[in-house]
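Presented below is the structure to which this report refers.
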Amino acid sequence: MTLTAKAAPSTKQPPSLPAMHTVKLTVNGIETELQLAPWTSLLDALREYMHLTGTKKGCDHGQCGACTVLVNGKRINACLTLAIMQEGNEITTIEGLARKDADGKDGLHPIQQAFMDHDAFQCGYCTPGQICSAVGMMNEGHARTADDIRELMSGNICRCGAYTNIVDAIQSVMNPQPDAA
Amino acid sequence: MTQQTYIGKPINRLDGLDKVTGKAKYAAEFDTPNLLHGYVVNSTIAKGKIKKINTQDALGLPGVIKVFTHENRPKLAWFDMSYKDQDAPPGSPFRPLRDAKIRYSAQPIALVIAETFELARYAASLVTVEYEEMAHQSDLEANRHRARKPASGMASLLKPPPPKPKGNFEAAFAAAPLQVTGEYVHAVEHHNPMEMFATTVVYEKGRNKSGGKYTVYDKTQGVTNSILYAAQVFDIPFKDIRVISPYVGGGFGSGLRPQYQLFMAMMAARELKRSVKVVLTRQQMFSFGHRPATIQTVALGASAEGDMTALYHSAVGETSQFEDYTEIVVNYGGMLYPPENVTLDHQIVSLDVNTPLDMRAPGGVTGISALECAVDELAFKAGIDPVEFRLKNYTDRDPLADLPYSSKELRECFRQGAERFGWLKRNPEPRSMRDGHNLIGWGMATGIWEASQAAARAEAVLLVNGKLRVSSATADIGTGTYTIMTQIAADTLGMPLEDVTFKLGDTDMPAAPIEGGSWTAATVGTAVKTVCEELAKKLFKLARKMPDSPFASVSFNEVVFVNKMIQLKKDSLMAVALQSVVDSNGGAAVRQISTGLPNMLKQRKYTRSAHSAVFAEVTVDEDLGTVRVTRIVSAVAAGRILNPKTARSQILGGMVWGIGKALEEESVIDHQFGRFMNHSLAEYHVAVNADVHDLDVIFVDEHDDIVNPLGVKGLGEIGLVGVPAAIANAVFHATGKRIRQLPITLDKLL
């Protein structure tokens, strides 16, 4: 399709669209090929084109952390990166975090179970981001105390105010009590 | 005669698995083939007229389907009545794309529809607008002289205006040996739930009058509210439209009215006969309702011994030019304290802003934040400990309505909260505690919130597989509705939790009111209890008719429902399994629809409220003026606690909101533009993890069989109301500075 000339309001060139790109993404171990506008964010690629809606959009500006995913084990805001920049990387979303149990059935990551047991969410919208962020934070290995966790989890806003339960849930996984299985 | 196997137990949230695995679907997450994407364009001026709106550049892009503006929008409902929703204040509701007039900054003025989100967003940036600007007014302080009484309407039933003065405030205040007077100024706040407002309309072709069928996934605190709005505005019969909202990513009041993305998505779907999704941006989350800015005056008088004799509380709040938004701000002092001489007043000022909207503890947290700071000031003047002072001025009756409380364990809240906090060790002297360069302060405040109940309907079905399905078109905005309703149903019919499901958020289900005002547990809970009890009677009748029934000559009162069986109370061996009852029903499920109604005759003789006592510790950096809330204890008396785990979470959330309101949240308006300038989560500060430290919740035992059949009072607001005042009072204790302007940012302390 070409642009029609009659619509141009001035002598300047009418706006046009850049070409679509083929983007290969490896998400939760599965490689997918997508046709995307080059400015498609990783977040929109996941939500709108791969229908992995577990990753949430809360601001689209890297200010809330709801879109946190893991790229090669590191936590990033999926809204602050273009899909095309993530080719060749291992992307893990909330849908791919659950481990298979011994029978090959979907199990839960210990953080997911801890979030349920500690009621570390209410509306659930920030939860996938909180969980991915917590896993990323544990991978970083800098958090020692509850204050560390509070600081290092402050990129993930929870408007329902489940913060104390989030910290408890993460601590229960980082420092399991001896009596816990 | 409900048993309590599950009620009162800290059961994990039943929707938890869906939420931690990403399976829970919110309004923007329902995929459908050939979905179109909409992106809204908003005005850049606060008042005036659109002279010209240029859409040709946007339309020139391949894949852009249409740009809707006031010039080409379809014909819509004519009368205001069609646009009035269940939470509409008196006035004339805003109608998107109605005409060229601009009524407030960031008003939605166009909708770009394209094949992809990226394209719609880019095309929207190409829409240019020429305005005829007019002078606007957005400054409450500069316009307070125009304050007036609000119009009354349907909304006034739920939010009654202040009562007439009692006694003679002026004389009593003049004669009072102890007096305090202060003006309290609160900033505008925005709800900012984490999920942005979104509507996905799935369109199915049809030859009917409305051109097809519409399944609408909407972010809302009430699907019934959304369907009424969409059906009336777009003239679609109820049978052709269904609104679904299984999960809501936070509400806090923002979803009590249909927001404009619902209008936009419905309009585009109906016109284009396509499925359409419209998602607002975080910036656009500042373009609809907000907690109004307010200016309050509180004056209190007391005897030399500290007995309160005079109370004056007035508030001026902002509203839009088209609706009179009101909330109950000033009544609470009259309910909590005993002065004989009381004058209360609430007025509003119309500004060129959008209509304010109920935001968590609307009015209550505003009024109580001012009142409880003034009470703290008075106690300090009287030289009496703030807890002692409140006990001295305690009322067992509601002096304002002259009615007894249905229950009020506030005294016990003071006792248990103070004990947990270690309040007795407090040195009353301001600036008496410090840790290095940090001043430490301890403050406390009282909270109160109405325990309301409305009517709701619910359905209970004993399925052919012997499992129970209960449903009601209510919402779970993170409050735990799914979980507590399942607990109530399971206990009422003596079934294990895993055999019971509760469904909500679908207009195909029996109607329930909008979820707000802390009334859902009472309202829908009563409906669920009622429908399960009535289903029990139906099942018992069926059981009696079964061949060789052990109940042939037994009445309903002689049996219990337990372990998936109907059992004779006197002889547990005389029992019939619910599975056999449904089997005997000719292979059909047994269903019942019932209405849960408040017992007005019983309730009207009492004031029904939840109470709290909040104790806060802050540290204030003496050099920098930064305030940190190091711990809060909130002791809450809110009737029966259905699930201590989800209940505690609600109170914790309220406390976090209290920290935000006291110290951080402020939508800053630049009056030159009449526009909120910090419209992002980077600049509109809400409490983050590092702002929140030690939070402790106590539920005080409280029995109440008047408030509703379950004895619950609701928890959505009571966790918040007393917190900002407790923090402000702690800041005074730390610094000796009485800050009457919220939020208490560091500039106010230096």
>> Checking the cross-link filter: which lysines have an alpha carbon closer than 18 Å to that of B:LYS564, excluding same-chain neighbours under 8 positions apart?
In response: B:LYS467, B:LYS529, B:LYS537, B:LYS538, B:LYS541
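When the chain is fully extended, how far beyond the present Cα-Cα distance does B:LYS213 get from B:MET134, taking 0.36 nm per residue of separation? Numbers along the way, then the final one.
Numbers: separation 79, 0.36 × 79 = 28.44 nm, distance 4.23 nm.
Extra length available between B:LYS213 and B:MET134 comes to 24.2 nm.
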> What whole number of Å gives the distance from the Cα centroid of segment A:111-130 to the Cα centroid of segment B:273-308?
Replying inline: 28
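Using the Cβ atoms and a cut-off under 11 Å, what net charge is assigned to the surroundings of B:TRP519, where Lys and Arg are +1 and Asp and Glu are -1?
Working: positive: B:ARG608, B:LYS713; negative: B:GLU450, B:GLU515, B:GLU717.
Net of charged neighbours comes to -1.
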> Gain in length, B:ASN168 to B:ALA682, computed as 0.36 nm per residue apart minus the alpha-carbon separation, to one decimal in nm?
Replying inline: 180.2 nm
>> Going by amide H atoms built from the backbone, whose H comes under 5 Å of the H on A:LEU82, apart from near neighbours?
In response: A:LEU42
>> Springs between alpha-carbon pairs under 10 angstrom, Gaussian network model over chain A: which of A:PRO15, A:PRO38, A:PRO110 fluctuates most?
In response: A:PRO15
>> Under 16 Å between alpha carbons, and skipping anything fewer than 8 positions from B:LYS51 in its own chain: which aspartates and glutamates qualify?
In response: B:GLU71, B:ASP99, B:GLU130, B:GLU132, B:GLU133
> In nm, to one decimal, how far is the modelled label at B:SER572 from the one at B:GLU429, with both set 7 Å along Cα→Cβ?
Replying inline: 6.5
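Restricting to Cα atoms and excluding each atom paired with itself, what does the Kirkwood estimate give for segment B:454-597 in Å? Before the final figure, lay out each step's value.
On the way: mean 1/r = 0.0653 Å⁻¹.
After inverting the mean inverse Cα-Cα distance, the result is 15.3 Å.
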> Rounded to the nearest 0.05, what FRET efficiency do B:GLU305 and B:GLU419 have when you use their Cβ-Cβ distance and R0 = 22 Å?
Replying inline: 0.30
> Rounded, prolate or oblate: which fits chain B, taking a ≥ b ≥ c as square roots of the Cα gyration tensor eigenvalues, rounded meaning a/c under 1.5, else prolate when a/b beats b/c?
Replying inline: oblate
> Reachable lysines from B:LYS277, Cα under 22 Å, same-chain residues fewer than 8 places away excluded?
Replying inline: A:LYS56, A:LYS57, B:LYS23, B:LYS25, B:LYS66, B:LYS75, B:LYS205, B:LYS213, B:LYS219, B:LYS239
> How crowded by other chains is B:322-334, given as the mean number of beta carbons from other chains within 10 Å of each beta carbon?
Replying inline: 0
> Under a point spin-label approximation (7 Å from Cα along Cα-to-Cβ), what is the B:GLU183-A:LYS24 distance to one decimal in nm?
Replying inline: 6.9
> In the neighborhood of B:PHE673, defined by Cβ-to-Cβ distances under 13 Å, what is the net charge if each Lys or Arg adds +1 and each Asp or Glu adds -1?
Replying inline: -2
> Considering only chain B, what is the antiparallel percent among its DSSP beta bridges, to the nearest 5?
Replying inline: 75
> In sequence order, what are the phi-derived ³J(HN,Hα) couplings for segment A:138-143 according to the Karplus relation 6.51 cos²θ - 1.76 cosθ + 1.60 with θ = phi - 60°, rounded to whole Hz, with x for glycine and proline?
Replying inline: 5, 4, 5, x, 9, 7
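Quick one: plug the Kirkwood hydrodynamic radius of the protein assembly as shown (C-alpha pairs) into Stokes-Einstein at 10 °C, 1.306 mPa s, and report D in µm²/s.
55
In debye, nearest 20, what is the charge dipole magnitude of segment A:110-174 about its Cα centre with +1 on Lys and Arg Cβ and -1 on Asp and Glu Cβ, if you could check?
Working: 3 positive and 7 negative charges, 27 e Å.
Result for segment A:110-174 is approximately 140 debye, rounded to the nearest 20.
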>> Rounded, prolate or oblate for segment B:1-135? Axes are the square roots of the Cα gyration tensor eigenvalues, ordered a ≥ b ≥ c, and the cut-off for rounded is a/c under 1.5.
In response: oblate
> Which percent of Cα pairs goes in each bin when the distances of segment A:21-97 are cut into 5 angstrom slices starting at zero?
Replying inline: 3, 19, 32, 29, 14, 3
>> Run lengths n ≥ 4 of DSSP H only: what is the helix-derived mean residue ellipticity at 222 nm for the protein assembly as shown, with -39500 (n - 2.57) per run over all residues, to the nearest 500?
In response: -7000 deg cm²/dmol
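Based on alpha-carbon positions alone, could you give the equivalent ellipsoid semi-axes of segment B:183-301 from the gyration tensor, as √(5λ), descending, whole Å? Display every interim value, and only then the final one.
Numbers: eigenvalues 247, 39, 26 Å².
Each semi-axis is √(5λ); the values are 35, 14, 11 Å.
What does the charge count around B:PHE94 come to, taking other residues whose C-beta lies under 9 Å from its C-beta (Lys +1, Arg +1, Asp -1, Glu -1)?
On the way: positive: B:ARG95, B:ARG98, B:ARG103; negative: B:GLU323.
That works out to +2.
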> Quick one: what Rg and Dmax do you get for segment A:110-174 from the alpha carbons, in Å?
Replying inline: 10.3, 29
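Each reported figure results from applying straightforward, stated rules to the coordinates on display, with no laboratory input. Please read all numbers here as calculations on a predicted model, not as lab measurements. Glycine gets a Cβ as well: all are built from the backbone with ideal geometry, and neighbour counts include every protein chain shown.
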